[in-house]
1. Go through 58, 32, 90 for me and flag whichever is exposed (fewer than 15 other Cβ atoms within 10 Å of the Cβ), under 21 Å from residue 21 (Cβ atoms), touching a residue at least 12 places away in the same chain (Cβ under 8 Å) and touching a helix residue (DSSP H, G or I) at 6+ places or on another chain (Cβ under 7 Å).
2. Somewhere in the stretch 24-47, is a residue hydrophobic (A, V, I, L, M, F, W, C), under 12 Å from the mean Cα position of the chain (by Cα) and over 13 Å from residue 75 (Cα atoms)?
3. For the condition assigned to a strand (DSSP E or B) and surrounded by fewer than 18 Cβ atoms within 10 Å (Cβ to Cβ), what is the one hit in 66, 9?
4. Before we move on, is residue 76 within 12 Å of the chain's Cα centre (by Cα) and surrounded by 12 or more Cβ atoms within 10 Å (Cβ to Cβ)?
Amino acid sequence: MSSQGELRVYKKEEIEERLKDLPQWHYEGNQLVREYATKGWKETVFLFNAIASLAEALWHHPDVEVGYKKLKVKLTTHEANGITDRDFKLAEEIEKIASLLLKR
């Protein structure tokens with residue numbers, strides 16, 4: 001039980017259906033996963049900081065792997081042991097900010 005009530009955990013089929021709206025994300029190992037390519041370290045750090053701020057604001061914290069020209073984000077709701085609306089919400093918000101920051 002969370003402060004927002006019971007968390008609904010999505011089944012694999014439901015996750016795959018919802019990911020149609022997030023085509024660059026995929027379901028892997030009980031996580032929503034997305035890798036971003038960047039121009040270099042400065043852009044990677046800038047994107048990471050933006051994602052960290054979003055995550056803090058939504059009180060939902062991803063696992064992130066940071067490299068020189070890439071950033072990999074992995075979302076799951078740890079307390080529910082699965083994918084919930086929190087994960088999809090954060091993925092959607094990350095996509096919005098990343099599309100602005102990584103303009104090509």
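1. 58
2. Our first condition is that a residue be hydrophobic (A, V, I, L, M, F, W, C); within the stretch 24-47, this holds for 25, 32-33, 37, 41, 45-47.
Going one step further and asking which of them are under 12 Å from the mean Cα position of the chain (by Cα), we end up with 25, 32-33.
Restricting the remaining residues to those that are over 13 Å from residue 75 (Cα atoms) gives none.
Looking for residues that are hydrophobic (A, V, I, L, M, F, W, C), under 12 Å from the mean Cα position of the chain (by Cα) and over 13 Å from residue 75 (Cα atoms), one finds none in the stretch 24-47, hence no.
3. Every option except 66 fails the conditions.
4. On the way: within 12 Å of the chain's Cα centre (by Cα): yes; surrounded by 12 or more Cβ atoms within 10 Å (Cβ to Cβ): yes.
Against the criterion (within 12 Å of the chain's Cα centre (by Cα) and surrounded by 12 or more Cβ atoms within 10 Å (Cβ to Cβ)), residue 76 qualifies.
No lab work stands behind these numbers, since they all come straight from the coordinates. Note that this is a predicted model, so its numbers are computed, not measured. Neighbour counts run over all protein chains shown; Cβ positions are idealised from the backbone, glycine included.
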